[in-house]
Each structure stands twice: as C-alpha cells, then as structure tokens.
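The values are calculated or read from the model by the stated rules, or taken from the named source; none is laboratory data. Small disclaimer: the values here were computed from a predicted structure and weren't measured. Here Cβ is always computed from backbone atoms with ideal geometry, including for glycine, and neighbour counts include all displayed protein chains. For the accessible areas, the whole protein counts, side chains as well, though only heavy atoms, and no ligand, DNA or RNA atoms are used. Shrake-Rupley method; radii C 1.70, N 1.55, O 1.52, S 1.80 Å.
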Amino acid sequence: MTTEVLSAPATPATPGAAPVRDTGAEALENAQAQLSAAVQTLGFSNGLHQHLAKARREMTVGIPLRRDDDSVEMLTGYRVQHNFSRGPAKGGLRYSPNVSLDEVRALAMWMTWKCSLLNVPYGGAKGGITIDPRNYSQRELERVTRRYTSEILPIIGPDKDIPAPDIGTDEQTMAWMMDTYSVNVGYTVPSVVTGKPVSVGGSLGRPSATSRGVVHIALAALNHAGLAPARSTAVVQGFGKVGAGAAGFLADAGVRVVAVGDQYGAIHAAEGLDIRSLTDHVRTTGSVVGFPGSDPIPSDVLLELDVDLLVPAAVEGVLHADNAARVQAKVIVEGANGPTTTAADRIFADNGILVVPDILANAGGVIVSYFEWVQGNQAYWWTAAEVEERLESRMLAAWHNVLTVANRRSLNLREAATVTAVERVAEARQIRGLYP
Ligand code: GLU
C-alpha cells in the first residue's frame with residue numbers, strides 16, 4: 001500500500017522544475033491562512049488564535065487488514081477532532097490513497113467552521129484511512145471499516161463525535177460503523193453516524209443533500225452576479241456523489257452543463273451534456289470518458305473553460321497559483337472541501353471572480369446529517385419534502401447572512417463566511433471559559 005500522492009507527477013529531474021506537491025500539507029496551510037485572516041479581522045488575541053488553530057484531539061491508528069488471500073497488510077487511519085465548543089464533533093470519513101494526517105487536520109478545521117456557519121450545534125472532526133478502496137473487495141472494506149471503528153470507538157459516540165460519509169465511503173460504510181459500535185456497547189445506537197441507509201435510521205434526502213445544497217447556492221450566486229441561470233453555462237469537476245448530483249440539479253434548473261471531468265479524464269459538448277444519460281454511462285463504464293456525443297478535453301483545460309459557473313467538486317487544491325490566472329468562469333461554487341488555495345483566492349479576487357466558499361456551498365451534507373441525528377434522537381421521521389424544504393431554507397439563510405457580513409465588513413465571501421463561523425466558535429469558547 002502506498003501513501004504517495006497518486007495523481008502527482010514523479011519528481012522532475014530538471015533543475016527548477018516544480019516539485020511534487022504535498023496536497024495534505026497545502027490544505028492545512030490554506031486552512032490555517034484562512035483562520036489567520038479571520039483572526040486578524042476579528043482582532044483576537046494570540047492565545048485565542050492558538051486555541052482555534054490547534055485540534056483538541058488527534059488519533060492515529062494502525063489497521064491490520066487480513067486480505068482475501070489471507071495475507072496481512074498494515075493500513076493507517078486517523079480521526080481528528082478539531083473543536084467541541086458548540087457541541088459534539090462532526091465530520092466525514094474519507095478513504096483515499098492521498099489521506100494524510102495534515103489533510104485530515106485541515107478537513108476537521110473546515111468542518112468546525114462549516115457547522116458553525118450553518119448554525120448546527122456541532123464542533124468539527126474528520127477521519128481518514130490511507131487506502132484506495134477500488135483495489136479492495138467489499139469483504140475487505142468491511143473488515144477495514146470495522147477494525148478502524150473499533151480502534152476509534154472510545155472517542156466517538158452520538159454525544160462525542162459523529163462520523164458520516166466522505167470521498168470513498170458511503171451508506172454501507174456507515175452501516176458497518178453503526179453496527180460495530182452498537183455491538184460493542186451492547187445496544188443499537190443509530191445516532192453514532194449519519195449518512196446511514198434509511199433502513200437503519202438514515203434520513204430521506206441525505207444522499208442528495210450536498211449536491212442539492214451546492215445548486216441552491218449556485219443559483220443564488222448566479223442571480224447575484226446578474227446571470228440568469230437559464231442562460232448560463234457550467235463546468236463541473238468531479239462526477240462522484242457531489243459532482244454528478246450537482247450537474248443533474250443544475251441541468252434541471254436550466255443551466256447548460258457543457259463539460260465535466262473525473263479522475264480518468266474530461267469531456268465537452270458545447271450544446272450541453274445530457275446528465276441523465278451521462279449518469280447511466282458512468283454507472284456502466286465507471287467514468288465520464290467516452291460518453292457518446294461528447295469530445296474529450298484535457299483535464300486541466302476543463303477548469304479554464306469560458307463559462308459562467310465552475311463547480312470544483314473533487315478534491316483539495318485544484319485551483320492554485322499556476323492555473324488560477326487562466327480560469328475564465330465568472331462564478332466559482334466550491335462543491336469540494338478546499339479546492340482553492342490561498343494564492344488562487346487572491347488571483348480570483350483581483351480578476352473579479354465571485355468565489356462561494358466550501359464551508360457555505362457544500363454544507364448541505366452536514367445540514368441533513370444534523371436532521372438525521374435529530375430524527376434519530378427523537379425516533380420521529382420527516383418526509384423527503386420536509387427535509388428538502390428545511391435544507392433549502394437553511395442554505396439560503398446562510399447565503400444571505402454571508403452576503404450581509406461581506407458587505408458590512410468589506411470582505412470577500414470566503415473571508416465573510418470564515419469570520420462569521422470563527423466568531424461564533426470563539427463566543428462559545430469564551431462564554432464557557434477555560435477549565436481549570
Ligand atoms: N463529508 C461531508 C462534508 O465534508 C459531510 C460531513 C457530515 O455530514 O458530517 O461536509
């Protein structure tokens with residue numbers, strides 16, 4: 001098992017050539033830079049800054065996996081709990097070959113701000129295992145998940161830390177986690193995870209929540225920028241749970257999705273892609289590549305197409321100092337966590353591109369996770385229509401709040417969102433006081 005960044009090019013031998021990027025370290029740098037900027041705006045003390053910058057608890061676990069051929073492989077997993085000031089920690093579990101402690105730290109911090117910004121009563125956490133799930137059987141993934149859950153069992157629970165799906169994990173992963181936790185404590189505890197199958201206490205509307213939320217925000221942002229959605233064009237990078245869903249809901253709203261990409265390649269069709277047929281194509285072939293009626297384009301060109309809306313919905317750090325100046329989209333709505341580096345943010349600000357930050361744009365997932373936890377705690381279930389309506393109203397309330405703060409403080413949307421979130425966490429922390 002390798003922990004190398006798979007997509008990065010081999011270290012170039014030529015002097016002066018760009019070194020291999022450590023995307024986890026970069027993500028953490030970006031998260032810390034965003035916090036520092038907010039702390040400066042808010043005029044917080046150095047002590048409070050340090051407190052907010054550091055995770056409360058970090059756990060690294062070795063996961064011995066018995067493979068189907070009976071050989072044993074050692075994997076590494078993490079759970080980082082960044083903050084508990086406003087409630088139990090909350091955040092997803094990622095299975096990817098790129099997972100590192102620094103990446104998980106960055107993602108955990110972003111969860112704290114996301115939950116705070118959307119006013120759900122949680123702190124932030126994230127978990128990850130350095131594994132490429134495509135190379136393992138379902139039975140192996142079940143063993144990995146159960147062993148990881150057993151290792152982190154002392155620090156999770158419905159009032160402590162509530163995991164959910166992220167890249168490379170799904171409803172089945174959550175069902176295994178819930179079962180492992182429940183068997184160990186001796187009774188069924190549905191609320192220890194969210195994003196579960198409906199049959200074991202999941203919420204209606206959870207699978208589509210992140211992508212639905214991205215599109216509520218994208219439509220609001222297009223209108224705000226004076227662009228009528230029905231006359232707008234879009235590019236979506238990533239065709240997983242978030243990207244495919246967002247492309248579909250954008251198309252439903254009349255936006256012409258002209259190009260999409262996944263980890264295997266990118267495709268373009270000037271007249272717009274039929275997202276429903278494309279989704280069927282991906283289900284049968286595993287990739288967007290080769291979709292009939294589309295032309296292949298290089299993956300880096302995808303991000304630089306002349307469109308109204310760009311939705312990066314894959315991984316961190318894809319919009320960086322080296323490509324940001326070539327981005328032509330008028331509005332960027334971050335479906336992924338951390339897709340824009342601090343250097344790229346500056347270039348977008350200079351070029352007048354409206355960037356709607358991740359902690360606002362992709363918060364639909366954790367909002368419906370919260371709804372799922374509330375429903376589980378009350379053992380009372382909502383209809384899909386109730387979930388969708390409450391999701392939309394929370395997303396749009398947060399959008400208007402961020403716009404108001406941005407105008408009042410003369411900040412861009414990321415700065416305004418981070419300032420709002422950090423201020424709320426700091427307020428909870430201050431009023432609770434320090435123990436001892
Ligand atoms: N993994 C998702 C995120 O990054 C959802 C987290 C959750 O529902 O707890 O927001």
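Which percent, to the nearest 5, of DSSP beta bridges fully inside the chain are antiparallel?
Working: 24 of 48 bridges.
Approximately 50 percent, going by the DSSP bridge assignments.
Based on alpha-carbon centroids, what's the gap between segment 344-364 and segment 395-436 in Å, whole number please?
Cα centroid of segment 344-364 versus Cα centroid of segment 395-436: 16 Å apart.
Show that you can apply the helix-only estimate: for the chain, add -39,500 (n - 2.57) for every DSSP H stretch of four or more residues, divide by all residues, and state [θ] at 222 nm to the nearest 500. Don't skip to the answer; put the middle values down first.
Working: 14 runs with 192 residues, N = 436.
Here the helix-only value at 222 nm equals -14000 deg cm²/dmol.
Enumerate the amide H contacts of Ile297 below 5 Å, restricted to partners 5 or more residues apart or on another chain; note that Pro and chain-start residues carry no placed amide H.
Residues meeting the criterion, in which the H sits 1.01 Å from N, are Ala266, Ile267, His268.
Considering only Gly243, Gly62, Gly293, give the residue with the highest GNM mean-square fluctuation for the chain, with springs between Cα atoms whenever their separation is below 10 Å.
Result for the chain, Cα springs under 10 Å: Gly293 fluctuates most.
Over every pair of different alpha-carbon atoms in segment 98-157, take the mean of 1/r and invert it; report that Kirkwood radius in Å. Walk me through the intermediate numbers first.
Values: mean 1/r = 0.0756 Å⁻¹.
Value: 13.2 Å, from the Cα pair sum.
Measuring from centroid to centroid over Cα atoms, what is the spacing of segment 59-138 and segment 236-285 in Å?
27 Å
About its Cα centre, how strong a charge dipole does segment 30-117 have in debye, to the nearest 20, once Lys and Arg get +1 and Asp and Glu get -1 at the Cβ? Don't skip to the end; give the middle numbers.
Values: 11 positive and 7 negative charges, 108 e Å.
Roughly 520 debye for segment 30-117.
If amide hydrogens are placed 1.01 Å from N in the peptide plane, which non-local residues have theirs closer than 5 Å to the one on Leu75?
Here the answer is Ile63, Leu65, since their amide H atoms fall under 5 Å of that of Leu75.
Within segment 347-433, what whole-number % of the accessible surface is contributed by carbon and sulfur, with the 1.4 Å probe and all protein chains included in the calculation? Can you show the working numbers first?
On the way: 1830 of 3860 Å².
Summing carbon and sulfur atoms, their accessible area is 47 percent of the total for segment 347-433.
Probe radius 1.4 Å, ligands and nucleic acids left out: which of Trp381, Trp113, Trp373 has the largest accessible area, and how do the rest follow? Mind dumping the intermediate values first?
Details: Trp381 125, Trp113 5, Trp373 35 Å².
Of Trp381, Trp113, Trp373, the descending order of accessible area is Trp381, Trp373, Trp113.
What Kirkwood hydrodynamic radius, in Å, does segment 325-398 give when the mean of 1/r is taken over all pairs of distinct Cα atoms and then inverted?
It is 14.3 Å.
Hydropathy first: keep DSSP H helices in the chain averaging at least -1.0 on Kyte-Doolittle, then drop any whose Cα extent along the axis falls short of 30 Å, and list what survives.
Helices passing the filter in the chain: 384-409.
Sequence-distant or interchain residues sharing an amide H contact under 5 Å with Gly123, placed H: which?
Long-range HN contacts for Gly123: Arg86, Gly87, Ala89, Lys90.
For the chain, divide the Cα radius of gyration by the Kirkwood radius and give the resulting Rg/Rh value with two decimals. Write down the numbers at each step before the final one.
Working: Rg = 20.8 Å, Rh = 22.0 Å.
That ratio is 0.95, to two decimals.
Would you kindly work out the equivalent ellipsoid of segment 353-433 from its C-alpha gyration tensor and give its semi-axes, the square roots of five times the eigenvalues, largest first in whole Å? Mind showing how you got there, number by number?
Details: eigenvalues 144, 67, 17 Å².
In descending order the semi-axes read 27, 18, 9 Å.
For the chain, what is the charge dipole size about the Cα centre, in debye to the nearest 20, if Lys and Arg each add +1 at the Cβ and Asp and Glu each add -1 at the Cβ?
Values: 38 positive and 45 negative charges, 267 e Å.
The dipole magnitude comes to about 1280 debye.
Taking the inverse of the average 1/r across all pairs of different Cα atoms in segment 79-182, what Kirkwood radius in Å do you get? Intermediate results must be reported in sequence, preceding the final value.
On the way: mean 1/r = 0.0735 Å⁻¹.
Final number for the Kirkwood radius of segment 79-182 is 13.6 Å.
Hey, can you find the accessible area per residue of the chain for me, probe 1.4 Å, expressed in square angstrom?
With all protein chains present, the chain gives 42 Å² per residue.
If we restrict to alpha carbons, what Rg and Dmax does segment 275-401 come to, in Å?
17.9, 51
Could you pull the accessible area for Asp252 with a 1.4 Å probe, rounded to 10 Å²?
Accessible area, nearest 10 Å²: 100 Å².
Give me the dipole magnitude in Debye, nearest 20, for segment 204-295 about the Cα centre, with unit charges on the beta carbon: positive for Lys and Arg, negative for Asp and Glu. Working shown, then result.
Working: 7 positive and 6 negative charges, 66 e Å.
My answer is approximately 320 debye.
Which of the three applies to segment 152-228, rounded, prolate or oblate, going by the alpha-carbon gyration tensor with a ≥ b ≥ c and a/c under 1.5 meaning rounded? Spell out each step's value before the answer.
Details: a/c = 3.49, a/b = 2.79, b/c = 1.25.
Judged from the Cα gyration tensor, segment 152-228 comes out prolate (a/c at least 1.5, a/b above b/c).
Ratio of segment 190-257's C-alpha Rg to 2.2 N^0.38 Å, to two decimals? List each step's numbers first, then the result.
Details: Rg = 14.4 Å, N = 68, 2.2 N^0.38 = 10.9 Å.
Ratio of Cα Rg to 2.2 N^0.38 Å: 1.32.
What length, rounded to one decimal in nm, is gained on full extension from Arg408 through to Val72, with 0.36 nm per residue of separation minus their alpha-carbon distance? If you can, show how the numbers build up before the last one.
On the way: separation 336, 0.36 × 336 = 120.96 nm, distance 5.77 nm.
Residue separation times 0.36 nm, minus the Cα-Cα distance, leaves 115.2 nm.
Compute and list, largest first, the equivalent-ellipsoid semi-axes of segment 261-320 from the alpha carbon gyration tensor, each √(5λ) rounded to a whole angstrom.
Equivalent-ellipsoid dimensions as semi-axes: 19, 14, 10 Å.
Using a Gaussian network model of the chain with C-alpha springs under 10 Å, which one of Pro339, Pro197, Pro298 is most mobile by mean-square fluctuation?
For the chain, modelled as a Gaussian network with Cα springs under 10 Å, the answer is Pro298.
Which of the trypsin sites (Lys or Arg not before Pro) across segment 23-123 are loop residues per DSSP, with 13 or fewer other Cβ within 10 Å? Numbers along the way, then the final one.
On the way: sites: Lys54, Arg56, Arg57, Arg66, Arg67, Arg79, Arg86, Lys90, Arg94, Arg105, Lys114; in loops: Lys54, Arg56, Arg67, Arg86.
For trypsin sites (Lys or Arg not before Pro) across segment 23-123 that sit outside H, G, I, E and B with at most 13 neighbouring Cβ atoms in 10 Å, the list reads Lys54, Arg67.
Farthest toward the dipole's positive end in the chain, which of Ser299, Asn407, Trp176, given Cβ charges of +1 (Lys, Arg) and -1 (Asp, Glu) about the Cα centre?
Result: Asn407.
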